[in-house]
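Here the structure comes first, spelled out in structure tokens, and everything after it is commentary.
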Amino acid sequence: MKLDCGYKLDILVEDTVVLELKALLTVLPVHEAKLVTDLKLTGKPVGLLLNFNVPVMKEGIIRKINA
């Protein structure tokens, strides 16, 4: 699906889960807001923000749901 608003999904898994990939020292609210916007625009139910710049990956996962 092409959206003319300048947004681009990093990865869409099984047409259900939106993945937003980052490698940041600190995840800012703007990064979470982008994931929420992606969920609203696509209508997908679940999104994961994955920050790979952490010592343990489970500390770098933020889950959002489309309500």
Which lysines have a Cα lying under 17 Å from the Cα of Lys44, excluding residues fewer than 8 positions away in the same chain? Lys2, Lys8, Lys34, Lys64
Using the crude model of +1 on Lys and Arg Cβ and -1 on Asp and Glu Cβ, and no other charge, please compute the dipole size for the chain relative to its Cα centre, in debye to 20. 100
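What fraction of the DSSP beta bridges in the stretch 11-65 is antiparallel, stated in percent and rounded to the nearest 5? Working shown, then result.
Numbers: 8 of 14 bridges.
Rounded to the nearest five, the antiparallel share is 55 percent.
Read the figures in this text as sums done on the coordinates, not as results from a lab. Predicted, not measured: the structure shown is a model, and the values here were computed from it. We place every Cβ from the backbone using ideal geometry, glycine too, and count neighbours over all the protein chains shown.
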